[in-house]
1. For the residue pair residue 104 and residue 76, what label-to-label distance in nm results when each label sits 7 Å from Cα along the Cα-to-beta-carbon direction?
2. Starting from the Cα-Cα distance between residue 34 and residue 60, subtract it from 0.36 nm times their residue separation and give me the gain in nm to one decimal.
3. At q = 0.16, 0.17, 0.18, 0.22 Å⁻¹, work out log10 I(q)/I(0) for the range 32-127 with the Debye formula, treating every Cα as an identical point scatterer and leaving solvent out; two decimals please.
4. Roughly speaking, what % of Cα-Cα pairs in the range 42-83 are separated by over 16 Å, rounded to a whole number?
5. Enumerate the calculated ³J(HN,Hα) couplings along the range 47-54 in order (Karplus 6.51 cos²θ - 1.76 cosθ + 1.60, θ = phi - 60°), each rounded to whole Hz, writing x wherever the residue is Gly or Pro.
6. Going by average Cβ neighbours within 10 Å, how do the peptides 68-81, 45-58, 101-114 rank, with the highest at the top?
7. Between residue 85 and residue 111, what length in nm is gained on full extension when 0.36 nm per residue of separation is reduced by their alpha carbon distance?
8. Within 9 Å, Cβ to Cβ, of residue 46, how many net charges do the neighbouring residues add up to if Lys/Arg are +1 and Asp/Glu are -1?
Amino acid sequence: MARRTLRVLTLTLALPALVCGPTAYTQNGFKLLSEKEIQARVIGKDITDSFHWVTFVRPDGVLLITDEMGRKLTGTWKIRNKRLCLSNPGSKSPNCNEVRMSGDSIRLRENKQEETFDAVVEKHKAN
């Protein structure tokens, strides 16, 4: 079940991103974030699809994942080479994703061929 939830989380966090030219912006206004921007805009906040799951990206490197049934999983995160690397229990290695944002909307993409989904970054809501 944890593996399925991680896969759903990974797919939900990553979005179909358009092939980007030499600038940091895609055609629809999503800006590729630097390591400092990832730290400022994502860390310490919730990433959510606003219905099925929420992931709290704690400042201490821990991910707290809660699914729609209230089940909780714990994973880890790191910022490495301008990418947000996410791992969870049972994963052999982290998934490292480029991070793009437009307002509070976030797109994570592991590689250019990866199709992903939109999510939203929100202020953390303590449970």
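1. Distance between label points: 3.1 nm.
2. Fully extending the segment from residue 34 to residue 60 adds 7.4 nm.
3. -0.63, -0.71, -0.81, -1.26
4. The share of Cα pairs beyond 16 Å in the range 42-83 comes to 36 percent.
5. After applying 6.51 cos²θ - 1.76 cosθ + 1.60, I find 10, 8, 9, 6, 8, 8, 7, 9 Hz.
6. Peptide ranking by packing, descending: 45-58, 101-114, 68-81.
7. Result for the pair: 8.1 nm of gain on full extension.
8. +2
Throughout, read-outs are computed from the coordinates displayed, never taken from laboratory work. Predicted model only: the values in this text are computed from it and were never measured. All Cβ positions, even for glycine, are placed from backbone atoms using ideal geometry, and neighbour counts span all protein chains on display.
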